[in-house]
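Visitor: Attaching a single structure in structure tokens format; questions to follow.
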Amino acid sequence: MPHTLLGLSGALRSSSTNSNLLREAARLYGADTYVEADLNLPLYNGDEEDRNGLPEGVNQLVDQIANADAVLISTPEYNGGITGVLKNALDWISRHTEKPLVGKPTALMSAAAGRAGGVRAQTMMRSCLVAFRPRITLAPELSLANSGSAFDANGRLTNERTEASLKTLMDALRADIG
């Protein structure tokens with residue numbers, strides 16, 4: 001059965017190691033289709049929402065989540081937590097009448113420059129997702145430390161243990177999809 005994975009990267013940089021990690025996850029999963037969402041959304045502002053409704057980018061994101069078989073979320077750790085990019089996207093998604101994350105199989109991971117690899121950000125991400133009620137895949141946490149040196153020139157992971165851990169997470173996600 002063909003599977004579509006949607007990646008949400010908490011970093012907007014074109015050379016983001018979190019985006020690389022999502023792409024590696026999709027590769028190891030063997031997804032038929034992998035889409036990376038564009039989280040470069042305007043900051044949530046209730047007055048703007050009242051005047052103009054939801055931005056088209058938010059509607060597109062909600063549709064992408066709804067149409068995906070599973071969601072992959074990777075976040076860097078900024079000051080001990082998730083990025084404003086991810087929090088803002090969640091704030092916008094929460095304003096939509098459709099609740100696309102409810103029951104959606106979701107895998108969390110992180111890549112960060114520090115030694116902990118974004119573990120605190122993953123903990124915060126789990127807390128932020130409670131209201132959305134996704135089905136978070138329970139597998140060993142994947143937190144990629146010193147992420148700037150974790151990928152080769154082609155964006156492939158260079159550490160076999162990390163790749164094996166990511167494969168374990170993707171196998172667990174596949175089992176959650178059913």
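The values are calculated or read from the model by the stated rules, or taken from the named source; none is laboratory data. Nothing here was measured: the structure is a model prediction, and the numbers come from that model. Here the Cβ positions follow ideal geometry from the backbone for every residue, glycine too, while neighbour counts run over all protein chains shown.
Visitor: So, in the stretch 146-163, of the ones that are touching a helix residue (DSSP H, G or I) at 6+ places or on another chain (Cβ under 9 Å) and small (Gly, Ala, Ser), which residue ends up farthest from Thr75 (Cα to Cα)?
Guide: Only one residue fits best here, namely Gly155.
Visitor: Given the options Ser94, Ser74, name the one that is part of a strand (DSSP E or B), at pLDDT 95 or above and of a type in the set (S, T, N, Q).
Guide: Exactly one residue qualifies, and that residue is Ser74.
Visitor: Cβ-Cβ distance below 6 Å, separation of 6 or more or different chains: which pairs start in the stretch 40-68 with a residue that is under 13 Å from Trp92 (Cβ atoms) and end on one that is charged (D, E, K, R) and part of a helix (DSSP H, G or I)?
Guide: From the stretch 40-68, the pairs are Tyr44/Asp91.
Visitor: Report, by residue number, each residue of the stretch 126-155 that is assigned to a helix (DSSP H, G or I), within 17 Å of the chain's Cα centre (by Cα) and surrounded by 10 or more Cβ atoms within 10 Å (Cβ to Cβ). If you could, list the steps in order and put the result at the bottom.
Guide: Taking the stretch 126-155 as the starting set, the residues that turn out to be assigned to a helix (DSSP H, G or I) are 126-132, 147-149.
This time we only want the ones that are within 17 Å of the chain's Cα centre (by Cα), so: 126-132, 147.
Listed by number, the residues that qualify are Arg126, Ser127, Cys128, Leu129, Ala131, Phe132, Ser147.
Visitor: Now for a separate question. Within the stretch 16-40, restricting attention to residues that are in contact with a strand residue (DSSP E or B) (Cβ under 9 Å, 6 or more places away or on another chain) and assigned to a loop (DSSP other than H, G, I, E, B), which residue is surrounded by the fewest Cβ atoms within 10 Å (Cβ to Cβ)?
Guide: My answer is Asp32.
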